[in-house]
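A short worksheet on the structure shown next.
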């Protein structure tokens with residue numbers, strides 16, 4: 001593993017995003033409804049294209065680092081669930097408005113007046129997250145039979161997931 005990946009894994013309980021520290025109590029397990037909520041601090045990363053070399057196919061380093069961070073956050077918040085059967089996933093991708101934007105445009109974005117279009121694509125982000133959680137939340141992401149993904153502007157970049165066994 002790379003040094004950057006080791007540094008991410010060393011963060012353990014800190015999980016710092018911008019100037020707001022992540023608190024483990026943000027992750028919630030709802031035993032009465034069997035719903036699991038996971039917060040992944042930081043900007044979302046789309047799944048990179050497969051790379052070819054030496055007669056094999058491999059995942060690029062930035063995607064490996066992003067997947068390691070997602071795994072780390074999920075394990076710290078809900079542990080190894082390895083759910084059996086179909087699951088439903090609701091994913092909200094929060095994106096910070098660009099610092100170069102005017103105050104008026106930033107306020108409009110945060111108020112919901114602007115849609116968060118652009119990179120990373122929601123399908124690539126969901127692929128990164130779902131693939132990263134194989135063997136942790138579920139055996140395989142093929143168990144996800146209901147997926148709702150929404151991207152919006154927010155004061156802090158993070159990805160919120162609500163997983164419900166069906």
> Assuming residue 91 fulfils every condition listed in (1) closer than 23 Å to residue 116 by Cα; (2) in a loop (DSSP other than H, G, I, E, B) apart from one, which condition is it?
Replying inline: (2)
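Please find, among 162, 129, the residue that is assigned to a strand (DSSP E or B) and at pLDDT 95 or above.
Working: 129 fails: assigned to a strand (DSSP E or B).
Result: 162 is the single residue among 162, 129 that is assigned to a strand (DSSP E or B) and at pLDDT 95 or above.
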> Could you list, in sequence order, the residues of region 130-153 that are surrounded by 18 or more Cβ atoms within 10 Å (Cβ to Cβ) and closer than 13 Å to residue 96 by Cβ?
Replying inline: 151, 153
>> Every residue in region 61-88 that is part of a loop (DSSP other than H, G, I, E, B) and over 23 Å from residue 150 (Cα atoms), please.
In response: 79, 80, 81, 82, 84, 85
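The values are calculated or read from the model by the stated rules, or taken from the named source; none is laboratory data. Please read all numbers here as calculations on a predicted model, not as lab measurements. FYI the Cβ positions are ideal-geometry reconstructions off the backbone, even for glycines, and counts take in every protein chain you see.
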